[in-house]
């Protein structure tokens, strides 16, 4: 039995395409979008044109049907360019994944196929599960859907929804049987942003990833047709969580992309900045920081690749995806913080790139499940497997 840590020729080509795109289209405008918070429509349109947007949609819906491992190499490079712009792009994949997994043929045709078609402004979507009082706490979910005739009537509020202000449709999870909740009492729906009763809140100006559009959503007596149920009634929470086994490795590898960018900046600066008569890269204290960065970036990438490889090979990867998410989120926070430290006072200034990277890094310990929740998942999976 052989073990191969290399990428295929096709994956190497994908990586080169994504890296060149990040270098030429994302990095030149990253600081501008960070300062203004403007949504990166121009970049997204170019990404759609070259095939870097909506990459997991299958061929029957007009997509190229890339696997989880393919997504890894793209996600790292896009985040290396700017994780705010990368998140705007990758948010489509999170909303699409439950529909890919559980949607009917008709539902996929109605909502996924248009996302692969050429248009002046790419079609965007959003994953709407988190609420003001319920993120990791499923028991706190308050949004409800009540069956009335051949429609479901949706009421409630969602919060911290990425792409909310630009989405054409939302993947929404609502309580349909309060007595069951996560055990079959929640149902998933595709809800169009233009429907009566759907309202979008103000843009949140966050610490980092500022051009990623984050807002609240309110549903007031929104009528959702029966055909817009994703999967079966009661499958909502299961579909919402199943999507993370696909997306958490990609988000984790995005963290590695940010960490790698910070490490590269720190290495370059350390060879140029002099202290005590020599480049600071010659001092052991700096060398140890750089060595830890390189070790942890490589270790994190391997965790991501393993989780993705398992998913592509039909294996349960919930534990491995959580391991990748917890580890890489901590790595990117540590690496960017140390990069700022290596830059010293310059690192604290917006005139230098590592300040932005440190701000962008923090969200990786929060979104798509906090680092604490990932550890709960890891422990639960370990104990279940042990029994």
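The values are calculated or read from the model by the stated rules, or taken from the named source; none is laboratory data. It should be emphasised that the depicted structure is a prediction, and the values quoted were computed from it without experimental measurement. When we count neighbours, we look across all protein chains shown, and the Cβ atoms used for this are built from the backbone with ideal geometry, even at glycine.
Side notes on the structure shown:
This table checks each residue for (1) at positive phi; (2) more than 18 Å from the chain's Cα centre (by Cα); (3) surrounded by 21 or more Cβ atoms within 10 Å (Cβ to Cβ).
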site	(1), (2), (3)
76	no, no, yes
83	no, no, yes
107	no, yes, no
111	no, yes, yes
124	no, no, yes
141	no, yes, yes
144	no, yes, no
150	no, yes, no
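- Among residues of the range 305-327 that are free of Cβ contacts under 8 Å to residues at least 12 places away in the same chain, those with a beta-carbon under 6 Å from a residue that is in a helix (DSSP H, G or I) at least six positions away or on a different chain give the pairs 310/320.
- Residues of the range 195-213 that turn out to be under 15 Å from residue 128 (Cα atoms) and without any contact (Cβ under 8 Å) to a residue 60 or more places away in the chain, as a count: 4
- Evaluating residue 372 against the criteria (1) assigned to a loop (DSSP other than H, G, I, E, B); (2) within 25 Å of residue 94 (Cβ to Cβ); (3) out of contact with any helix residue (DSSP H, G or I) (no Cβ under 8 Å at 6 or more places or on another chain) leaves one unmet condition, (1).
- Qualifying residue in the range 251-263 (condition: without any contact (Cβ under 8 Å) to a residue 24 or more places away in the chain and either within 19 Å of residue 361 (Cβ to Cβ) or not in a helix (DSSP H, G or I) (or both)): no
- Qualifying residue in the range 304-316 (condition: assigned to a loop (DSSP other than H, G, I, E, B) and surrounded by 15 or more Cβ atoms within 10 Å (Cβ to Cβ)): no
- Among the residues of the range 203-239, those that are over 24 Å from the mean Cα position of the chain (by Cα), surrounded by fewer than 20 Cβ atoms within 10 Å (Cβ to Cβ) and in a strand (DSSP E or B) comprise 220, 221, 223, 225.
- As a summary of the residue check, residue 191 satisfies the conditions (1) without any contact (Cβ under 8 Å) to a residue 40 or more places away in the chain; (2) under 22 Å from residue 96 (Cα atoms) except for the one numbered (1).
- All positions within the range 159-188 that are part of a loop (DSSP other than H, G, I, E, B) and either modelled with pLDDT under 95 or farther than 26 Å from residue 211 by Cβ (or both): 176, 177, 178, 179, 180, 184, 185
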